[in-house]
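The values are calculated or read from the model by the stated rules, or taken from the named source; none is laboratory data. In this text the structure is predicted, and so the values were computed from the model without any measurement. When we count neighbours, we look across all protein chains shown, and the Cβ atoms used for this are built from the backbone with ideal geometry, even at glycine. Quick note on the areas: whole protein, heavy atoms, side chains included, nothing else; ligands and nucleic acids left out. Shrake-Rupley method; radii C 1.70, N 1.55, O 1.52, S 1.80 Å.
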Amino acid sequence: MMSSASRLTLNAVTLALLIVPSLGLADADRLEADLRALFGADGAFEVGNIAEGTIRDRTIAEAIRFQADEGERLLIDRYVVNGDYDQPDEVTIEGVRLEDSLTEVLLMSVERIVLDEPSQAVFPLGGSEPGEIEVGRLTIDDIVIDLGSEFAAELFDDPSLEEGEGSLAIELVRGESLSHQAIGMVEVIGVKGVSQDLGELGSGSFSLSSLHLEGLSGLDEEMGEGENEQQLDRFELNDLVVDAERFVGSLAHLSLDGDFSDGQGGLEIDAFQADLARMIELAPEEERAQLRMASNVLTDGSGELRIDAALLGNWEQGEMQSLITSDSHVTIHDALRLLVDVELPVVLSEGVTPAAVFADAGVLESAKLLGGNLRLILNEQGLLGRLTTLGAAMEGITESQYIEQARTQAEGFGMMFGPEVQQFLLGLVSLAEGAADELEVAVTLPAESNLETYTGDPMGLPERLEMRVETR
């Protein structure tokens, strides 16, 4: 086996070539020297040919080979630097292959890496200030990684990968404005993988149409305290499909808007599906009965759980006060639908923006609430009715008897917590027995308050709030 120092050096080189490689141009001697310095002295480094272009500024190194003292072998067909070597226009790396030198098994391959406007031709692995590592645009074509290898275990920081078999293929990676501190944009397209170890999911396969993120900052761990908080402006994921031992399902679309500087943001989930029937078949036999019971309650016997959700926030900032609103919903198809509307006029502490409230709800603790309205609508689509049937069967009584028990309990809680709570609980009973399809709770906050008004004495909330409950 290769030494840990050799392995770390080679894996760091390979990862550097994958993400933000060093690239160069112009002077052939400088390119060869920089490449030798990049790979270090822990192994044998060879270059088949290095030449400078005669028509335009171009330096080309071909047939690059690095053989570690013990272990992996890295091969690169062509390393091309275009433009001024000290300030390249573009660097292209073609035909990257990482092999196990003993078995000649392919550990990783990359068809092409293109870096536009890199800050230098070759980025040293050590001794370079983080701020010097910059790439204007990045394109990587056709990545293939053997997931059942020591290289993959170190690359993804998951030692268990080495114990199994698997592969990962990525059609395209694109990036813009990349540096040690931040990522302007990264997009990953066409991901397919299969592995004996997908973490908590067990063995199985997965595919992803695309992943897109923008505005990721705070990556430099050496930044001063309070300045290194990571911020992600936008994240999108499309067409994720997983078929594994402990999860079978898909997600059509997920988007996270974390940049509230434009007055809006939040999380949206479209068409999340879990094939509970398949998952139950794969579960241990002694667990299947309870899982099937839960599946029937959630899916009305279809065995397919489907969820859509949107947790959205908006704000309007005025001279004297701000208005924070939220329009959110969660739908479990064939089960229930929950809608939440929030409208909060607030006065924030000096220097605090509404965007900070969405980023950290704790900011609201110091804000003055100028009244406001909260509305919750629960639409029964079968879940409470099925829970009633199940509860009655488990207790060995009729459904009407079970409903009467629930009604009696609701009235008892109402005597303890007040008529508003009683109305809410009785509304749930009405949904469960089919007397109503929808329950609405509307809450009006007092003219001036803060969060401590409500968190300090939760039992006294009904007395401080104006609450209306309706069923229909």
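Mind listing whichever residues of the stretch 36-68 are within 17 Å of P118 (Cα to Cα), open to solvent by less than 20 Å² (accessible area, probe 1.4 Å) and either at pLDDT 90 or above or over 37 Å from the mean Cα position of the chain (by Cα) (or both)?
So the first thing to find is which residues in the stretch 36-68 are within 17 Å of P118 (Cα to Cα), and the list is 38, 57-60.
Checking which are open to solvent by less than 20 Å² (accessible area, probe 1.4 Å) leaves us with 38, 59.
Within the stretch 36-68, just T59 meets the criteria.
Take the residues of the stretch 151-180 that are polar (S, T, N, Q) and at pLDDT 85 or above: which is farthest from E99 (Cα to Cα)? Give the steps one after another, and end with the answer.
Taking the stretch 151-180 first, the residues polar (S, T, N, Q) are 160, 167, 177, 179.
With at pLDDT 85 or above added as a condition, the list becomes 167, 177, 179.
Working: S167: 14, S177: 31, S179: 29 Å.
Selected residue: S177.
Selection of the stretch 90-123 for residues being open to solvent by 30 Å² or more (accessible area, probe 1.4 Å) and more than 23 Å from D34 (Cβ to Cβ) yields D100, L102, T103, E104, V105, L106, E111.
Looking only at residues in the stretch 120-150 that are out of contact with any helix residue (DSSP H, G or I) (no Cβ under 8 Å at 6 or more places or on another chain) and in a helix (DSSP H, G or I), the one that is modelled with the highest pLDDT is E132.
Let's see how each residue does on (1) in contact with a helix residue (DSSP H, G or I) (Cβ under 8 Å, 6 or more places away or on another chain); (2) acidic (D, E):
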site: L384; (1), (2): yes, no
site: L387; (1), (2): yes, no
site: E395; (1), (2): yes, yes
site: M416; (1), (2): no, no
site: F424; (1), (2): no, no
site: L428; (1), (2): yes, no
site: A442; (1), (2): no, no
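Once the stretch 292-317 is narrowed to residues that are loosely packed, with under 15 Cβ neighbours inside 10 Å and assigned to a helix (DSSP H, G or I), the residue that is nearest to the chain's Cα centre (by Cα) is A294. Pairs are defined by a Cβ separation below 7 Å, a sequence spacing of at least 6 or placement on different chains, a first member in the stretch 99-121 that is more than 29 Å from R174 (Cβ to Cβ), and a second member that is open to solvent by 20 Å² or more (accessible area, probe 1.4 Å) and basic (K, R); the pairs so defined are S101/R73. The set of residues in the stretch 226-250 being part of a strand (DSSP E or B), of a type outside the set (V, I, T) and out of contact with any helix residue (DSSP H, G or I) (no Cβ under 9 Å at 6 or more places or on another chain) consists of L232, R234, F235, E236, L237, N238, D239, L240, S250.
Within the stretch 388-431, the residues that satisfy the criterion of being small (G, A, S) and open to solvent by 50 Å² or more (accessible area, probe 1.4 Å) are A393, G396, S400.
Look at (1) of a type in the set (V, I, T); (2) part of a strand (DSSP E or B); (3) open to solvent by 70 Å² or more (accessible area, probe 1.4 Å) and you find that I76 fails only one, number (3). G351 meets all of the listed conditions (1) in a loop (DSSP other than H, G, I, E, B); (2) more than 30 Å from N450 (Cβ to Cβ) but one, namely (2). Whether a residue is touching a strand residue (DSSP E or B) at 6+ places or on another chain (Cβ under 7 Å), open to solvent by 60 Å² or more (accessible area, probe 1.4 Å) and within 15 Å of L213 (Cα to Cα) was assessed, and R278 does not pass this test. Does the stretch 251-266 include one or more residues that are touching a Lys or Arg at 6+ places or on another chain (Cβ under 9 Å), of a type in the set (A, V, I, L, M, F, W, C) and either loosely packed, with under 15 Cβ neighbours inside 10 Å or not in a strand (DSSP E or B) (or both)? No, the stretch 251-266 has no match at all.
For the residues D197, D157, the requirement of being of a type outside the set (G, A, S), under 26 Å from L38 (Cβ atoms) and outside any strand (DSSP E or B) singles out D157.
Here A367 passes the criteria (1) over 27 Å from the mean Cα position of the chain (by Cα); (2) touching a residue at least 60 places away in the same chain (Cβ under 8 Å); (3) open to solvent by 40 Å² or more (accessible area, probe 1.4 Å) except the one numbered (3). Just to be sure, is L102 modelled with pLDDT under 90 and over 30 Å from the mean Cα position of the chain (by Cα)? The answer is yes for L102.
Go through the stretch 375-448 and tell me which helices (runs of 4 or more DSSP H), entirely inside it, have 3 or more residues that are within 39 Å of the chain's Cα centre (by Cα) and hydrophobic (A, V, I, L, M, F, W, C). It would help to see each step written out before you state the result.
Details: elements: 383-395, 399-417, 419-433.
Qualifying helices (runs of 4 or more DSSP H): 383-395, 419-433.
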